[in-house]
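I have placed the structure first, in the form of structure tokens, so that the comments after it can refer back to it.
The values are calculated or read from the model by the stated rules, or taken from the named source; none is laboratory data. Fair warning: this is a prediction, and the values are worked out from it, not measured in the lab. Methodologically, a virtual Cβ is constructed for each residue, glycine included, from the backbone with ideal geometry; neighbour enumeration extends over all protein chains shown.
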Amino acid sequence: MREIIEGLNFNYINPDQVICFRSYGTKSPHVHARCWSLPRIWQKALGVKPHYVIEVISEKYDSLTLEQKKKLLIHELLHIPKSFRGGLRPHKGYISSRIVEELYRKLENKSFF
């Protein structure tokens, strides 16, 4: 995850505050991963900084190719807003297959992997 964040110059994302989590089972046939945030009210109540969780659904994620995995992680990172304060970006206007594809090509040209 750190290599993707650094490779795409997502400087607004603190990789130490992005937790990767593998889970099993989902009732949704289309979900391979999710991005979760710690809302501001919880941050204040617990006295912690913003954190995000990128969850991959093992039985779906594991069968993807390396290219598909990278694109999926890019997609999930795009849900993290530039403010990095605990909110989440919607798909509309921020996330599309075209945007993910462009970022993937940029990442691959840097040869981090």
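Annotations for the structure displayed:
- When the residues of segment 69-93 are filtered to those that are assigned to a helix (DSSP H, G or I) and over 13 Å from ARG34 (Cβ atoms), the one that is nearest to the chain's Cα centre (by Cα) is ILE74.
- Consider segment 33-68 and keep the residues that are over 15 Å from the mean Cα position of the chain (by Cα) and assigned to a loop (DSSP other than H, G, I, E, B). The one that is surrounded by the fewest Cβ atoms within 10 Å (Cβ to Cβ) is GLY47.
- Neighbours by Cβ (under 9 Å, 6+ apart or cross-chain): first from segment 100-113, within 16 Å of ILE5 (Cβ to Cβ); second modelled with pLDDT under 90: LEU107/PHE113
- Any chance ILE57 is within 19 Å of ARG34 (Cβ to Cβ), in contact with a helix residue (DSSP H, G or I) (Cβ under 9 Å, 6 or more places away or on another chain) and touching a residue at least 12 places away in the same chain (Cβ under 8 Å): no
- Restricting attention to segment 74-85 and to residues that are free of Cβ contacts under 8 Å to residues at least 60 places away in the same chain and touching a strand residue (DSSP E or B) at 6+ places or on another chain (Cβ under 8 Å), the residue that is surrounded by the most Cβ atoms within 10 Å (Cβ to Cβ) turns out to be GLU76.
- Output for segment 86-99, where each listed residue is without any contact (Cβ under 8 Å) to a residue 24 or more places away in the chain and of a type in the set (Gly, Ala, Ser): GLY93, SER96, SER97
- Evaluation of ASN11 against the conditions (1) in contact with a strand residue (DSSP E or B) (Cβ under 9 Å, 6 or more places away or on another chain); (2) loosely packed, with under 12 Cβ neighbours inside 10 Å shows that the sole unmet condition is (1).
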